[in-house]
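Asks: One structure, pasted below without further comment.
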Amino acid sequence: QGSGLLCSCGWEGPCSDFRTSAPMASDEVDLEDDDVEVDIEGENPESPDYAGEDDEVCAEGELGDTERPEVEGDDPDRPASARVKHTLSLNSYDATPDVFFSGGGIVSALSQGPFLHLLSGVRANTGARGGRYLFEVEVLEKVPIAQHDLRIGFSTGGSSLFIGDSSDSVGFGKDGTYFVAEPGQLTDLQRSGACEPLLETPSVIGVLLNLDQESKAANTISVFLDGFRAGPPQPVPSHLRGKALYPTINFRGLTLAVNFGHGGKQLRTLPFKCQTFAQMAEAHHEIARHDAVRDGMAKLEVVVSIGIPEAGIADFTRCFKEQHTDFAEISDRSFAEWCQKSGKPKLATQDKAAQKSLVTLAVAGHRNCLIAGVGQTLQRSEREQLLNQFPSTYRKVALVAVGEPSQSHKQWVRKTLEAEYEAKKDIFQRRQLLSDASGVELDDADNVPPDCPKFDDTVWALPHDNASAPDVSPDVLSSIFSRFALPTDAEGFDDIRYEWSPRSDAQDKLRRWIVIQKSAFLVEGLEPGEWFRSKLAAWKEERKLLREGHLAFNNKKGKGPSIEADADISGDLAGVGNIHDFDGRGTPLYANFRYEDWVLLSWRYELHLLVHGFATDAADDDIPGIHMDHVMHYFKTYFGVACEPKDKLGVASIGDAVKLLREPLEFIEKGDGQQILHSSLEKETPFEVFVKGIEAYRRDRSRRLEAGDESAQLSFPRPTGKTPGKGVPFKAAPAGKGVTSKGSPSSNSVPVKALPVPAKALPGKAAPAKAGLAKAAIAKAAPVGAMRRAIGATAAATGSSVPHVPAKAAPRGVAATADLAQNAGLKRALVSNSHEVGLGASPPVKRPRAPDGSHLPAKAKSVIAKMRPTMATS
């Protein structure tokens, strides 16, 4: 509607009135008026309305009182001497790889496998800068199972083959949509219903490009079906005027006949006389660069582009394509772009066998080929397989772009950056003007002008956003990078050219890159070797000795592990020979280890084993060690359990964990800034050295705490649901403060937080109703060990002797020690109080008991009878 090109009936969609011809109505605007500007932005220009408010609007297919005129007039005859001399046709060098041609202008595409779903594209070998010219397309066949599609229009030379993909093309879709775009546009300019559908009925589709500035419909495109106009002329965007526009066709699941009108031949006669593209004037034409290059070529070529991933090879390939437009690129990247533009992005990952078919089609179409898949071109076996697909008629060339880019490439990068920056700046300014004129508010991002890039000699690569696909996916790269190698003459190349660095420098660059990748990626199939397995078994045995030695020392002192006092351990650690007998009196060096000390010891020693076990099993001098990002993976591989620094040490990452562990572990920087886990101790360092290191670490923390440095206090998360005594190595206790033999909290005591658990009543018959009394809860016998520890703690606190505790205690005997148990902080109460049974503050009501025990059920009587001797002894 913004173009002002409307039928006087108010046409906004397909209207049969455009198939008629009559004199122009007096209220229509003369399209030759230079003051009428075609506005493709959809905004209302200051121009006369094409349909007045009083005009009668016709229903679709209904004729008005006056037949509609044909705005196009007859072309004058042009002498043959003024016409182009070459044959105008579709360009096999300017088409998607699946397109193949037959005689008489027949064009079709491969319809097997993934190609059945892809949109094919082809462009003519000649474009028009001026004049008015027609070409025709007829659908000859439809593939039954395909999703048919057709787009017909025009595009600039060297632009995308797909109409509607960029602002460099215009055209009509199968449903009558007009695809048009303007740089910096604020809204979608695709106009649905611009013409009648193209595929509903078998028709000859005529497409008329009018660039004749003296015509009434200058700078427009029109569609005709079987010679009748299918819609009003549509405007050519202003930015495309003056540029050569090439006939372009996109199709899927179709076989087409394309007629450019050689000898003035037209498949259908139009309401007016016009010239065909084959009759184009010499002054109006532009020939594609592909044909100019092809005429001077003696032999077809296949060029293999070779470079390191993410090191400029994508830019080098792009530069080569711009300078050699006759080469068809065959790569994973180009195939993925093709799938994306066809509306089938998933095909790029689902089908990996398409490349072989593309090579076969390129050879059959006598096309020069550019092989640019980095994952393939850096592997000798893959290169050899690729070259074997090309016949001897092809000249095989390897272009190696590794190392410092050449000056010519740097100049191309700078020119490309400048052109892209100017285009972005122009679009920004245009959008600002359009926003001010239309009142449409721009997003915050659109109000930020583009940054001016650097254009000096230090810039040699184009910027790539994070959304762009990498040269090789990380998953694929990790499995193939070790096989990367530069080409040799023995592979079958006719020529190997090093475009950037010389061969020796390129070889060294690739070797250093592989070394870095060996640390950056996981080693496939790595398993723990014999050395590591033997050390791990010895470590498990050593842990048992530590546990037994720690418990034996506590028992020797006459105390349980929950109440041991700090042993007097001092002196030079270097002179300690036996860590299990520090002073010759049975005192272990680890007597004062707390829970945190045992955890530190375990982490230090196991990471030390991991560092040397990995180096032994990888057996590759190029791998400096375990990358920081892979420590947790290899820990699970070697120890069979997850490495959880947050759950075990209370830190967020493995890097923080190593800082907490301190020596001998650290992350050191190697290669290209990679952080590698390192142990300063030798591979066969005795285990005793690690115990001495933890004792030195403990002493240092104690001194700092005594000096008031609270940051020296360690407090690690502890697993829940376990109750081993604190101080026993490698067994965690539940969180909570314990009580030492002196009655004060200590991190080395057993945390025995009271957990109230209601005592369970013995099963039996309900009391007689007349009693009106509630059942009394009968306390469950407490563990003998808990009783002993509780009584011992109380005796130590009061200075009294420790009473004898029998092997078994009767329920009534347990009740007598209830207060003692509460004071000692046992895991659960020995008797239930009023709060535990839910009876408020009142004491529990006890039901009457018969002296002979007749009030108890038979099972309870039996249990008590067996326990009476013990009770009597107690």
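Asks: Which of the helices (runs of 4 or more DSSP H) found entirely inside the range 618-713 contain at least 3 residues meeting this: surrounded by 16 or more Cβ atoms within 10 Å (Cβ to Cβ) and either of a type in the set (D, E, K, R) or in contact (Cβ under 8 Å) with a residue 40 or more places away in the chain (or both)?
Replies: Working: elements: 631-639, 645-649, 654-661, 687-706.
Qualifying helices (runs of 4 or more DSSP H): 631-639, 654-661, 687-706.
Asks: Name the residues in the range 577-603 that are under 21 Å from TRP531 (Cα atoms) and open to solvent by 10 Å² or more (accessible area, probe 1.4 Å), would you? Full working, then the answer.
Replies: We begin by selecting, within the range 577-603, every residue under 21 Å from TRP531 (Cα atoms); these are 601-603.
Of everything in the range 577-603, those that are under 21 Å from TRP531 (Cα atoms) and open to solvent by 10 Å² or more (accessible area, probe 1.4 Å) turn out to be SER602, TRP603.
Asks: Now for a separate question. For ILE145, which of the numbered conditions (1) within 23 Å of HIS285 (Cα to Cα); (2) within 40 Å of the chain's Cα centre (by Cα) fails to hold?
Replies: (1)
Asks: Also, quick follow-up: Evaluate the range 592-600: report whether one residue or more is outside any loop (DSSP other than H, G, I, E, B), touching a Phe, Trp or Tyr at 6+ places or on another chain (Cβ under 8 Å), more than 30 Å from ALA552 (Cα to Cα) and not basic (Lys, Arg).
Replies: No, there is no match, as no residue in the range 592-600 is outside any loop (DSSP other than H, G, I, E, B), touching a Phe, Trp or Tyr at 6+ places or on another chain (Cβ under 8 Å), more than 30 Å from ALA552 (Cα to Cα) and not basic (Lys, Arg).
Asks: Within the range 468-485, can one find any residue that is touching a strand residue (DSSP E or B) at 6+ places or on another chain (Cβ under 6 Å) and either within 23 Å of ARG333 (Cα to Cα) or aliphatic (A, V, I, L, M) (or both)? Outline the logic, then answer.
Replies: Keep residues of the range 468-485 that are touching a strand residue (DSSP E or B) at 6+ places or on another chain (Cβ under 6 Å), which gives 483.
Then drop every residue that is not either within 23 Å of ARG333 (Cα to Cα) or aliphatic (A, V, I, L, M) (or both), which leaves 483.
The answer is yes, given that some residue of the range 468-485 is touching a strand residue (DSSP E or B) at 6+ places or on another chain (Cβ under 6 Å) and either within 23 Å of ARG333 (Cα to Cα) or aliphatic (A, V, I, L, M) (or both).
Asks: Filter the range 113-144 for residues that are surrounded by fewer than 21 Cβ atoms within 10 Å (Cβ to Cβ) and in contact (Cβ under 8 Å) with a residue 40 or more places away in the chain and give the result. Explain how you work it out, then say what you get.
Replies: Step one: list which residues in the range 113-144 are surrounded by fewer than 21 Cβ atoms within 10 Å (Cβ to Cβ), which gives 113, 116-117, 129-130, 138-144.
Within the range 113-144, GLY113, LEU116, HIS117, ARG129, GLY130, GLU138, VAL139, LEU140, GLU141, LYS142, VAL143 qualify.
Asks: Can you tell which of GLU138, GLU67, GLU72 is modelled with pLDDT of 90 or more and over 20 Å from ALA244 (Cα atoms)? Even if it seems obvious, please write down each step before you answer.
Replies: Details: GLU67 fails: modelled with pLDDT of 90 or more; GLU72 fails: modelled with pLDDT of 90 or more.
Matching residue, one of GLU138, GLU67, GLU72: GLU138.
Asks: Collect the residues in the range 372-383 that are open to solvent by less than 60 Å² (accessible area, probe 1.4 Å) and farther than 20 Å from ALA314 by Cα, keeping them in residue-number order. Quick ask: steps written out before the conclusion?
Replies: Of the range 372-383, the ones open to solvent by less than 60 Å² (accessible area, probe 1.4 Å) are 372-379, 382-383.
Correct list: empty.
Asks: Here's another thing I want to ask about it. Specify which of the listed residues (ALA567, ALA520) is touching a strand residue (DSSP E or B) at 6+ places or on another chain (Cβ under 8 Å), at pLDDT below 85 and either of a type outside the set (S, T, N, Q) or more than 30 Å from GLU310 (Cβ to Cβ) (or both). If you could, list the steps in order and put the result at the bottom.
Replies: Working: ALA567 fails: touching a strand residue (DSSP E or B) at 6+ places or on another chain (Cβ under 8 Å).
The match here is ALA520.
Asks: Cβ-Cβ under 6 Å, sequence separation 6+ or interchain: first residue in the range 191-213 and surrounded by fewer than 16 Cβ atoms within 10 Å (Cβ to Cβ), partner not aromatic (Phe, Trp, Tyr). Which pairs?
Replies: SER192/THR177
Asks: Please work out if TRP412 is under 26 Å from LYS321 (Cβ atoms) and under 29 Å from the mean Cα position of the chain (by Cα). Explain how you work it out, then say what you get.
Replies: Working: under 26 Å from LYS321 (Cβ atoms): yes; under 29 Å from the mean Cα position of the chain (by Cα): no.
So TRP412 does not fit the description; no.
Asks: Here's something else I'd like to know. Output the qualifying pairs, or none if there are none: Cβ atoms under 7 angstrom, residues six or more apart or on different chains, first residue in the range 272-290 and in contact (Cβ under 8 Å) with a residue 60 or more places away in the chain and acidic (Asp, Glu), second residue outside any strand (DSSP E or B) and open to solvent by less than 20 Å² (accessible area, probe 1.4 Å).
Replies: Sorted first by the residue in the range 272-290, then by its partner, the pairs are GLU282/VAL84; GLU286/ALA244.
Asks: Another question, then. Can you work out which of the residues in the range 420-447 that are of a type in the set (Ser, Thr, Tyr) and closer than 16 Å to GLU182 by Cα is modelled with the lowest pLDDT? Can you show your working first?
Replies: Step one: list which residues in the range 420-447 are of a type in the set (Ser, Thr, Tyr), which gives 421, 435, 438.
Then drop every residue that is not closer than 16 Å to GLU182 by Cα, which leaves 435, 438.
Values: SER435: 81, SER438: 76.
Looking at the filtered set, the residue picked out is SER438.
Asks: Please go through the range 236-256 and give me each residue that is open to solvent by less than 10 Å² (accessible area, probe 1.4 Å) and either on the phi > 0 side of the Ramachandran plot or not aliphatic (A, V, I, L, M) (or both), ordered by number.
Replies: PRO237, TYR246, PRO247, THR248, ASN250, PHE251
Asks: Same structure, new question: In the range 225-235, what residues are in contact (Cβ under 8 Å) with a residue 40 or more places away in the chain, buried (at least 20 other Cβ atoms within 10 Å of the Cβ) and assigned to a strand (DSSP E or B)?
Replies: Just the residues of the range 225-235 that are in contact (Cβ under 8 Å) with a residue 40 or more places away in the chain, to begin with: 226-235.
Adding the requirement that they be buried (at least 20 other Cβ atoms within 10 Å of the Cβ) leaves 229-235.
Passing the criteria: ARG229, GLN234, PRO235.
Let's see how each residue does on (1) of a type outside the set (S, T, N, Q); (2) part of a helix (DSSP H, G or I); (3) closer than 21 Å to ALA95 by Cβ:
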{"site": "HIS239", "(1), (2), (3)": "yes, yes, no"}
{"site": "THR248", "(1), (2), (3)": "no, no, yes"}
{"site": "LEU256", "(1), (2), (3)": "yes, no, yes"}
{"site": "LEU270", "(1), (2), (3)": "yes, no, no"}
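Asks: Could you say which residue among LEU545, LEU551 is open to solvent by 60 Å² or more (accessible area, probe 1.4 Å), more than 27 Å from GLN674 (Cα to Cα) and either touching a Leu at 6+ places or on another chain (Cβ under 9 Å) or assigned to a helix (DSSP H, G or I) (or both)?
Replies: Working: LEU551 fails: open to solvent by 60 Å² or more (accessible area, probe 1.4 Å).
Answer to the selection: LEU545.
Asks: Same structure, new question: (1) among the hydrophobic types (A, V, I, L, M, F, W, C); (2) in contact with a Lys or Arg (Cβ under 9 Å, 6 or more places away or on another chain); (3) surrounded by fewer than 15 Cβ atoms within 10 Å (Cβ to Cβ): which one isn't true of ALA364, the others all being true?
Replies: (2)
Quick grid of which residues meet (1) in contact with a strand residue (DSSP E or B) (Cβ under 6 Å, 6 or more places away or on another chain); (2) open to solvent by less than 30 Å² (accessible area, probe 1.4 Å); (3) at pLDDT below 95; (4) more than 23 Å from LEU477 (Cβ to Cβ):
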residue	(1), (2), (3), (4)
GLU491	no, yes, yes, no
LEU510	no, yes, yes, no
ILE516	no, no, yes, no
GLY525	no, no, yes, no
TRP539	no, yes, yes, yes
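Asks: Another question, then. Mind listing whichever residues of the range 417-438 are under 33 Å from the mean Cα position of the chain (by Cα), surrounded by 15 or more Cβ atoms within 10 Å (Cβ to Cβ) and either under 25 Å from ILE330 (Cα atoms) or not charged (D, E, K, R) (or both)?
Replies: Within the range 417-438, LEU417, TYR421, ILE427, PHE428 meet the criteria.
Asks: Could you pull out the residue among ARG414, ARG503 that is open to solvent by less than 80 Å² (accessible area, probe 1.4 Å) and farther than 29 Å from ASP629 by Cα?
Replies: One residue alone meets the criteria, ARG414.
Asks: Would you pick out the residues in the range 453-493 that are within 23 Å of the chain's Cα centre (by Cα) and part of a helix (DSSP H, G or I)?
Replies: Across the range 453-493, the qualifying residues are PRO474, ASP475, VAL476, LEU477, SER478, SER479, ILE480, PHE481.
Asks: Could you tell me whether SER222 is on the phi < 0 side of the Ramachandran plot and either surrounded by 24 or more Cβ atoms within 10 Å (Cβ to Cβ) or not hydroxyl-bearing (Ser, Thr, Tyr) (or both)? I'd like the intermediate steps shown before the answer.
Replies: Working: on the phi < 0 side of the Ramachandran plot: yes; either surrounded by 24 or more Cβ atoms within 10 Å (Cβ to Cβ) or not hydroxyl-bearing (Ser, Thr, Tyr) (or both): yes.
Against the criterion (on the phi < 0 side of the Ramachandran plot and either surrounded by 24 or more Cβ atoms within 10 Å (Cβ to Cβ) or not hydroxyl-bearing (Ser, Thr, Tyr) (or both)), SER222 qualifies.
Asks: While we're here: Restricting to the range 351-393, and then to whatever is at pLDDT 85 or above and within 25 Å of the chain's Cα centre (by Cα), can you tell me which residue is nearest to ALA336 (Cα to Cα)?
Replies: Per the criteria, the residue is ALA372.
Asks: Kindly evaluate SER215 against the criterion of being touching a Pro at 6+ places or on another chain (Cβ under 7 Å), modelled with pLDDT under 90 and assigned to a loop (DSSP other than H, G, I, E, B).
Replies: Details: touching a Pro at 6+ places or on another chain (Cβ under 7 Å): no; modelled with pLDDT under 90: yes; assigned to a loop (DSSP other than H, G, I, E, B): yes.
So SER215 does not fit the description; no.
The values are calculated or read from the model by the stated rules, or taken from the named source; none is laboratory data. Quantities reported herein were computed from a predicted structural model and do not represent experimental measurements. Neighbour counts are summed over all protein chains in view; Cβ atoms, including those assigned to glycine, are modelled from backbone coordinates with ideal geometry. Side chains are part of the model used for accessible areas, which takes the heavy atoms of the whole protein and leaves out ligands, DNA and RNA. Shrake-Rupley method; radii C 1.70, N 1.55, O 1.52, S 1.80 Å.
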